[in-house]
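Structure first, then comments.
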Amino acid sequence: MDVFTLLLLAVGLSMDAFAVAICKGLAMPRATIGNSIVVGLWFGGFQGLMPFLGFLLGVQFSTHINRVAPWIAFILLVLIGGDMIKESLSKDEDEESESLAIREMLLLAIATSIDALAVGVTFACVPVQVVTGGVYRNTIVGCGIIAVTTFIISFVGVNVGHVFGTRYRNKAEFVGGAILVILGIKILVEHFLLLMH
């Protein structure tokens with residue numbers, strides 16, 4: 001997985017966090033820089049941690065799944081992306097409070113990063129290749145890129161929500177889901193192209 005693909009993946013994964021950050025911003029009487037940073041750190045931190053945990057899980061089974069690895073990556077990404085698209089088309093509106101209490105933010109951070117745990121499993125199947133060095137170094141850098149991307153997008157989300165309301169929430173989730181589905185298809189197509197050579 002190259003840098004461009006990883007950045008696309010990071011943006012796709014961060015759309016859940018962006019949607020929730022928009023709701024947080026909407027609920028806040030004042031969207032301060034401090035509040036935006038807190039939301040960004042929670043979501044970015046967990047979005048970076050979860051794929052690494054998923055990678056560690058995937059590594060345990062990688063020797064058994066190497067032959068079907070692209071299929072696993074494809075299925076996981078399409079399922080996650082499809083679920084995000086379905087949620088974006090749902091009429092249900094989640095009410096969000098302005099609270100940044102540890103318990104609430106922890107639950108939200110975990111909820112918005114569960115997808116990233118599954119995507120981390122794909123890192124064991126389709127290794128990240130963004131810097132020179134081993135698989136672990138590349139995975140850590142990759143997870144860092146996901147964390148920073150999510151931090152920035154969540155930071156922006158709080159302010160977008162505060163200024164514009166939830167107008168962009170469903171669109172963001174739809175785009176994020178579509179990106180993940182496209183990445184899943186890309187991995188499968190690349191796999192078939194390699195088999196043909």
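The values are calculated or read from the model by the stated rules, or taken from the named source; none is laboratory data. For clarity, every value in this text was computed on a predicted model and none was experimentally measured. Glycine also receives a Cβ, built like all others from the backbone with ideal geometry; neighbour counts cover every protein chain displayed.
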### Query
Looking at (1) over 18 Å from Val59 (Cβ atoms); (2) assigned to a helix (DSSP H, G or I), can you tell me which one Gly142 breaks?
(1)
### Message
Could you tell me how many of the residues in segment 11-38 are under 19 Å from Leu107 (Cβ atoms), in a helix (DSSP H, G or I) and of a type outside the set (Phe, Trp, Tyr)?
### Response
16
### Query
If you check every pair at least six apart or on different chains, which have Cβ atoms under 6 Å apart with a residue in segment 169-197 that is within 18 Å of Gly12 (Cα to Cα) and in contact (Cβ under 8 Å) with a residue 40 or more places away in the chain first and a residue that is not charged (D, E, K, R) and not in a helix (DSSP H, G or I) second?
Ile187/Val126
### Query
Name the pairs whose Cβ atoms lie under 8 Å apart, with the first residue in segment 133-149 and touching a residue at least 40 places away in the same chain (Cβ under 8 Å), the second hydroxyl-bearing (Ser, Thr, Tyr), and 6 or more positions between them or separate chains?
Ile146/Ser14; Thr149/Ser14
### Task
Considering each of Leu41, Leu8 in turn, give the residue that is modelled with pLDDT of 90 or more and more than 18 Å from Leu108 (Cβ to Cβ).
Leu8
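Is it the case that Val78 is modelled with pLDDT of 80 or more, within 14 Å of Gly144 (Cα to Cα) and aliphatic (A, V, I, L, M)? Spell out how you get there, then give the answer.
Working: modelled with pLDDT of 80 or more: yes; within 14 Å of Gly144 (Cα to Cα): no; aliphatic (A, V, I, L, M): yes.
It is false that Val78 is modelled with pLDDT of 80 or more, within 14 Å of Gly144 (Cα to Cα) and aliphatic (A, V, I, L, M).
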